Amino acid sequence: MRWTGLALLLLSLLGVLAQSVPEDPRDEAKRQKQLLLQTSGILPSDLIVEQGKDLFYTKRGPRGVSLEGCDFGLGAGVLQGASVQLPRYFADTGKVEDLDSRIRTCMTQLQGFKPEEVKRSEVVPLAFFIAAQSDGLPIQVRIAAPAEREMYELGQKLFYARSGARDMGCATCHVSYVNRRSGVLPFSDVLGKDASMSHWPAYRYSNDQAWTMEDRIRACYGNLGHPQPDFYSPVPIALQLFMAYQANQAKAELPGFLR
Amino acid sequence: MRNLIWMVLACMAPWAMAQSYFGPGETKAVQGSGAKFADALLNMSADQLQCSLHQNRLPADATPSFLAAQKASIQYPKGDKFMGDWQKGGAIFNNLQKANCFSCHFGSPANLGGDVGPSLEKYGLQRGQSEAVQRYTYEVIYNAWSYFPCTVMYRFGVQGLLTPEEIADVVAYLLNPASDFNTKPALGGKR
């Protein structure tokens, strides 16, 4: 944790320097990542990955087993390349699951935790660790099973839906106003150039925040005063399947490192 | 009896509309994602539904009736007094929790503006204070969709986010030549 303190101090110094020169936040994030690696040799996100690794291999829960027996789609314990193929249909649950919900499935069904015992503070580092095993690989989700097709279509509808008191909709900003700024950061080109699903879960250095795409989607709704979908529910999974399919072939940077 | 049938049909209308955007299986999935969330998505209004179905790009033949319906939704302040108190309007314009106008529009002397919407820098000096400009500004804030179908800007009046009087205050903040908006430099310098 001493590293985190040092890293944060460095970050705040770099942040001050960065503010005087406005530039593309994507380039800025790349530069900050490089600088951090040069100066401290480690990224804050690496620490989260390590924390997830510990959680993954430790025998935990009422059944006292590790998560090594968990199948993330490529067979029990196979992690490399697993997260770039999520969300996908799992025959054992009969559901399309994303990284977050699959972790939860294994924590409940394999380790024996009760659903309410599954904490975000454990799911997030686990997601970071599992995602990191697919760093550099191309996104490769499929729409094959009927359930995947249904979820894809739901995701597309949700992405373009307008609802709530502020007529909120994902596409309204992330298609119509790509690169325009509301506040500090420009709207990312989620379905296009930014291929957003290729770099989530992500660490955001401007506020020392580790988030999965479920957190990110919920924040989009919440920031606009729209009721949020529940964690692990069909809505964030459907949106991710739609977004991931648009990001197919994009090279994953996992975990992402963002401003 | 006929009234009763109409009442039942009227109650079912929002449900029926949502049904035409989300299929039965999808509706179930949305319902399983949180009660309040489902409420917002499944009770989409008729105009939200149109924007959703057309992915925010209304076809030309649907636009005139859409604009007319949006225009008809506008309520005006008492005595058609479009310009209220600019100081109150400034507090509304510059409040992130309230109207949050500055996040998308450049021109505020109090907050650095974004560029999602057009720059409003020195709006009152650019546009003057004619009745037509006052009315137009009021109508755009009350219901942006009455001029720009399906745009991102909140429909402050229609959705009850601001009262007609509060909107008139914002109009004054933008138009009144004595307003800080027109006398002080926009934060962030010229664009």
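No value in this document is a laboratory result; all are computed from the given coordinates. Owing to the predicted nature of the structure, the values given are computational and were not obtained by experimental measurement. Reconstructed Cβ throughout: ideal geometry from the backbone, glycine too, with neighbour counts over all protein chains shown.
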- [ ] State the Cα centre-to-centre distance between the range B:100-135 and the range A:170-212 in whole Å.
- [x] 26 Å
TODO: List A:R181, A:R63 from most exposed to least, where exposure is judged by having the fewest other Cβ atoms within 10 Å.
DONE: A:R63, A:R181
- [ ] Would you grab the residues whose amide H sits under 5 Å from the one on A:K95? Only those 5+ places off in sequence or on another chain, please, with H modelled 1.01 Å from N.
- [x] A:F90
Open item on the list: Filter chain B for me: DSSP H helices, axial length by Cα at least 15 angstrom, mean Kyte-Doolittle hydropathy not below -0.5. List them by residue number.
Closed with: B:2-21, B:131-142, B:164-175
TODO: Mean Kyte-Doolittle of at least -1.0 plus a Cα span of 24 Å or more along the axis: flag which DSSP H helices in chain A meet both, please.
DONE: A:2-19
Task: Nitroxide proxy distance, nm - points 7 Å out along Cα→Cβ at A:D24 and A:V178 - done: 1.3 nm
Open item on the list: Can you tell me the convex hull volume per residue for the protein assembly as shown, based on C-alpha atoms, in Å³ to the nearest whole number?
Closed with: 173 Å³
Task: Proxy reagent accessibility, fewest Cβ within 10 Å first, across B:Y21, B:Y142 - done: B:Y21, B:Y142
Open item on the list: I'd like the distance separating the alpha-carbon centroids of the range B:153-178 and the range A:115-132, in whole Å.
Closed with: 45 Å
TODO: Mind listing the long-range amide H neighbours of A:Q209? Cut-off is under 5 Å, sequence gap 5 or more, other chains count too, H placed in the peptide plane at 1.01 Å from N.
DONE: A:R204
Task: Sequence of B:K78, A:K157 once ranked by neighbouring C-beta atoms within 10 Å, starting from the fewest - done: B:K78, A:K157
Open item on the list: Using the crude model of +1 on Lys and Arg Cβ and -1 on Asp and Glu Cβ, and no other charge, please compute the dipole size for chain B relative to its Cα centre, in debye to 20.
Closed with: 100 debye
Task: Kirkwood-type radius of chain A, with distances r between different C-alpha atoms, in Å - done: 19.0 Å
Task: Separation of the A:S121 and B:L125 label points, Cα + 7 Å toward Cβ, nm - done: 5.4 nm
- [ ] Please count, across chain A, the pairs of lysine residues with Cα atoms under 29 Å apart that sit 8 or more places apart or on different chains.
- [x] 21
Open item on the list: Given N residues in the range B:32-191, what is its alpha carbon radius of gyration divided by 2.2 N^0.38 Å?
Closed with: 1.10
Task: Cα Rg, Dmax, the range A:48-176, angstrom units - done: 16.4, 50
